[in-house]
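Q: Sending over a structure as structure tokens; questions will come in a sec.
The numbers here are math on the coordinates, done by the rules we state, and not lab data. These numbers were taken from a predicted model, which means no experiment stands behind them. Here the Cβ is made from the backbone with ideal geometry for all residues, glycine too, and neighbour counts use every protein chain on show.
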Amino acid sequence: MLLSARLFFHGTRSFSLCSQFRRMHISEMVPKDLSALSSSEMRQFLNSFDTVLCDCDGVIWNLSQPIKGVNESLEKLKKCGKTIHYVSNNNAVGTKGLLRSLKKFDSDVTNDDLIIPTQAIIAYLKRIQFDKEIFLLGSIYMKEDFENAGFCLANTEYEKMVDSFEAVRELLEDNENIGAVICDYDIYLSNIKLSRSTTFLRRPEVLFITGATDRKLHIDTKIVLPGPHFYQSSLMEVTGRTPLEFGKPSKNLQKYVTTKYNIQDPSRVLFVGDSIMQDVKFGSSCGYQTLLVFTGISTMSDMKSCQSENLIPNYYLNSFGDLCTVVRQKLDL
Ligand SMILES: [Mg+2]
């Protein structure tokens, strides 16, 4: 995983003073180990937020394997009076699929408690009264979400064999009905799909939208797949276009979450995630408190090497599943 760009310091005196201040500022931002808090610090921590926004993959489960103790931790937070919602970048299993998985951990969860980038994209397209076809690079479940919301999707599959440049030319004919290219994780991604996307994106009025922008997808501790970031980047480079981003940590998703949950005081929100680049950056950009757990993408060593203030979490814990035990040990709750 690529962490933040390092801060570089230059030679002028004023810049140097400014940099020293910044360095001091960042060095003061030391994440706190939740398991090492005293009882009074733990009480203070629990009293400091009302809402928990929780990522799913790498926090609640890994692929379909549950993370031990998560059910109890969610229950404990509810008993302490916290409201829990879920904010995931995972469009691939669709809203229904994610909700079905969450029900196994949180029986009270409803559709309204879950946000994925698909919902923010749909809300945006409805707001601008988008009525053209969408060329969607994504999973069948993501496509289902768009169709259920009333959008018309163009066929992205192309089954003919391409055996000459003449055939390629035919393949790359524009389709004026298409008004948006949406790029998320597509396990059947092909050069043909990318090439057709570049054709449509050549028209400046065609919207270029991204969902999840993850660089890597962790199937388990050993299997890591390239994430959608890489083919989104290739589209950007070839077309010279900058996409409208809707996944964590984008501004569009920040606004969507804040509005949907009517968040008045962001400092009273705790964001729990396993990715520094997606979750900590998203949470701190929103002004939330952040808790990083090490059961997914980011490691303790990634956290220690962070040099940018919005990538440093306020708290860390080995696993979200440990929260229940830690609270019980410190506060006897
Ligand atoms: Mg995650």
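Q: In the stretch 130-160, what GluC sites (Glu not before Pro) fall in a loop by DSSP, with at most 10 other Cβ atoms inside 10 Å?
A: GLU157, GLU159
Q: Assuming R0 = 51 Å, what is the FRET efficiency of LEU331 and ASN148, from their Cβ-Cβ distance, to the nearest 0.05?
A: 0.70
Q: Roughly what % antiparallel, to the nearest 5, for the DSSP beta bridges in the stretch 118-245?
A: 20 percent
Q: Could you work out [θ]222 nm for the chain from helices alone, using -39500 (n - 2.57) per DSSP H run of at least four and dividing by all its residues? Round to the nearest 500 deg cm²/dmol.
A: -10500 deg cm²/dmol
Q: Positive end of the charge dipole of the chain (Lys, Arg +1 and Asp, Glu -1 on Cβ, about the Cα centre): tell me which of VAL87, VAL327, CYS54 has its Cα farthest that way.
A: VAL327
Q: Each label point is 7 Å from the Cα along the Cα-to-Cβ direction; what then is the distance between the points at LYS255 and LYS222, in nm?
A: Simple spin-label model gives 4.6 nm for this pair.
Q: Could the peptides 289-295, 97-103 be put in order, highest first, of the mean number of other beta-carbon atoms found within 10 Å of their residues?
A: 289-295, 97-103
Q: Using a 10 Å cut-off on Cβ atoms, rank the peptides 212-220, 238-246 from the highest mean neighbour count down.
A: Top of the packing list down: 212-220, 238-246.
Q: To continue, here is another question. What does DSSP give for the chain in terms of the percent of beta bridges that are antiparallel, rounded to the nearest 5?
A: Here the share of antiparallel DSSP bridges comes out near 15 percent.
Q: Treat the count of other C-beta atoms within 10 Å as a stand-in for reagent exposure and order TYR316, TYR188, TYR86 from fewest to most.
A: Going from least to most buried by this count: TYR188, TYR316, TYR86.
Q: Along each of its three principal axes, how wide is the spread of alpha-carbon positions in the chain, in whole angstrom units, largest first?
A: Each principal axis gives a Cα extent; for the chain these are 71, 58, 40 Å.
Q: Got a sec? Which residues in the stretch 302-333 would a label at SER38 touch, if it sits 7 Å along Cα→Cβ and we count backbone N under 20 Å?
A: 315-316, 326-333
Q: Per 0.36 nm of contour for each residue apart, how much would the distance between SER267 and THR299 grow if the chain were fully extended, relative to their Cα-Cα spacing?
A: Stretched out fully, the SER267 to THR299 stretch lengthens by 9.0 nm.
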